[in-house]
Amino acid sequence: MNILIVEDETSLAESIYQYLQEDGFICEIVSSYGAANQQIHIYSYDCILVDIMLPDGSGLELINELKKDHSEAGIIIISAKDSLDDRIEGLNLGSDDYLTKPFHLSELNARIRALMRRKYFKWDRKVEIGEFTILPMQKKVFANGIELNLTAREYNILNYFITNANRVLSKEAIVEHIWSDHYDIVDSFDFIYVHINSLRKKIQKTGADDPIKTVYGVGYKFSA
């Protein structure tokens, strides 16, 4: 599941990122309204964590932008402002939850999972697309009824493809989304080919059709 963390407090953002990544989520961090606004118009997210007070704008305005674009992302406000007016305004704009700083990361995690159960995959149930069945809670994927033995990175890539099914994804977008904090130091995309080729071979061994199509000169498209 893909999560965008919109938080300008660096230490808190990195703590949230590390905690959620270790629990199997795919996370990105942005620290300003401008950067967040750009990301939400390029990528699709399952959940967005939004701080209200950003250096160049308001998190509430970002929520308004999401709703204008009919985004289906779950939205949790994380803010130091424990104001009833802010809570009401955030919920009226369309946020799903409001968490006041400071908070325990385990509580944030629980709220994210509760939100996802209500809104999307219903984490205790299976998701089916084409010949694929995903059990998000167990982090298991089946192709043609056969379980795929995936590495953590292969699972994250496949999950990203499935989340963006039928959309062309550039190699840059895949690298930035899966390896977000290390994107700037990547000098070659050869490792992307290695992971995707391995993923394809594992899928084909089950007898399922290869859903990962190469769009030459651009990237890849998952069609199931």
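The values are calculated or read from the model by the stated rules, or taken from the named source; none is laboratory data. As the structure is a computational prediction, the values presented were derived from the model and not from experiment. No Cβ is skipped: glycine too gets one built from the backbone with ideal geometry, and neighbour counts run over all protein chains shown.
Things worth noting here:
- In region 145-154, the count of residues that are modelled with pLDDT under 85, crowded, with 17+ Cβ neighbours inside 10 Å and of a type in the set (A, V, I, L, M) is zero.
- Matching entry among L135, L105 (being at pLDDT 75 or above and closer than 30 Å to L199 by Cα): L135
- Restricting region 188-203 to residues that are modelled with pLDDT of 90 or more and loosely packed, with under 13 Cβ neighbours inside 10 Å, the residue that is nearest to N156 (Cα to Cα) is N197.
- Test: residue in region 60-78 that is outside any helix (DSSP H, G or I), more than 22 Å from N164 (Cβ to Cβ) and among the acidic types (D, E): no
- When residues of region 29-57 are limited to those that are out of contact with any Phe, Trp or Tyr (no Cβ under 8 Å at 6 or more places or on another chain) and of a type in the set (V, I, T), the one farthest from N2 (Cα to Cα): I52
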